[in-house]
1. At a 1.4 Å probe radius, carbon and sulfur cover how many percent of the accessible area of the chain?
2. So with the 1.4 Å probe, I'd like the accessible area per residue for the range 50-93, rounded to whole Å².
3. Identify the trypsin sites (Lys or Arg not before Pro) of the chain meeting these criteria: DSSP loop state and at most 16 other C-beta atoms within 10 Å of the C-beta.
4. Using amide H atoms built 1.01 Å from N in the peptide plane, name the residues 5+ places from ASN7, or on other chains, whose amide H lies under 5 Å from its own.
5. Working from Cα positions, state the angle (0 to 90°, nearest 10) between the long axis of helix 73-85 and the longest principal axis of the chain.
6. Relative to the longest principal Cα axis of the chain, at what angle does helix 52-67 sit, 0 to 90 degrees, rounded to 10?
7. With +1 on each Lys and Arg Cβ and -1 on each Asp and Glu Cβ, and nothing else charged, work out how big the dipole of the range 5-93 is about its Cα centre, in Debye to the nearest 20.
8. Find me the longest stretch of the chain that has none of the exposed GluC sites (Glu not before Pro), where exposed means in a DSSP loop (not H, G, I, E or B) with at most 13 other Cβ atoms within 10 Å.
Amino acid sequence: MKTRSRNVHVWKHTTEEGEKREVRAEKFGGKWRIQAKLKSEETWNYYDAPPLEDLMELRRVLWNKYQRKHLSFEDVAAVDQLIRDAGGTVDAS
């Protein structure tokens, strides 16, 4: 029996205040769930409406994986729609 790998994407960055922040995005049941936490925080923050900056970075991560054939375009298109719904615009790349 083949087991499916989880569709989880993780990235880290430093905030303008100099704090390290980790963001995780997981697609489960056709829906994206995004969570983030600062290094100084104990618990994860789960977003019903993720910040546009996180959606844009998720799209960049997914696009890179799609180009290497590690991901279907369907996932990129779904995040494109989330960006549009959040009031952002998506480049053709």
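1. Details: 3370 of 6920 Å².
C and S fraction of accessible area: 49 percent.
2. On the way: 2720 Å² over 44 residues.
Here the per-residue accessible area is 62 Å².
3. Numbers: sites: LYS2, ARG4, ARG6, LYS12, LYS20, ARG21, ARG24, LYS27, LYS31, ARG33, LYS37, LYS39, ARG59, ARG60, LYS65, ARG68, LYS69, ARG84; in loops: LYS2, ARG4, ARG6, LYS39, ARG68, LYS69.
Listed in order of number, the matching sites are LYS2, ARG4, ARG6, LYS39, ARG68, LYS69.
4. Counting only residues 5 or more places away or on other chains, the set is LYS27.
5. Approximately 50 degrees, to the nearest ten.
6. 40 degrees
7. Its charge dipole is roughly 500 debye.
8. Details: sites that count: GLU16, GLU17, GLU19, GLU41, GLU42.
After excluding every exposed loop site, the longest remaining stretch is 43-93.
The values are calculated or read from the model by the stated rules, or taken from the named source; none is laboratory data. Keep in mind that what you see is a predicted model, and the values were worked out from it rather than measured. No Cβ is skipped: glycine too gets one built from the backbone with ideal geometry, and neighbour counts run over all protein chains shown. Heavy atoms of the whole protein, side chains included, go into the accessibility calculation; ligands, DNA and RNA do not. Shrake-Rupley method; radii C 1.70, N 1.55, O 1.52, S 1.80 Å.
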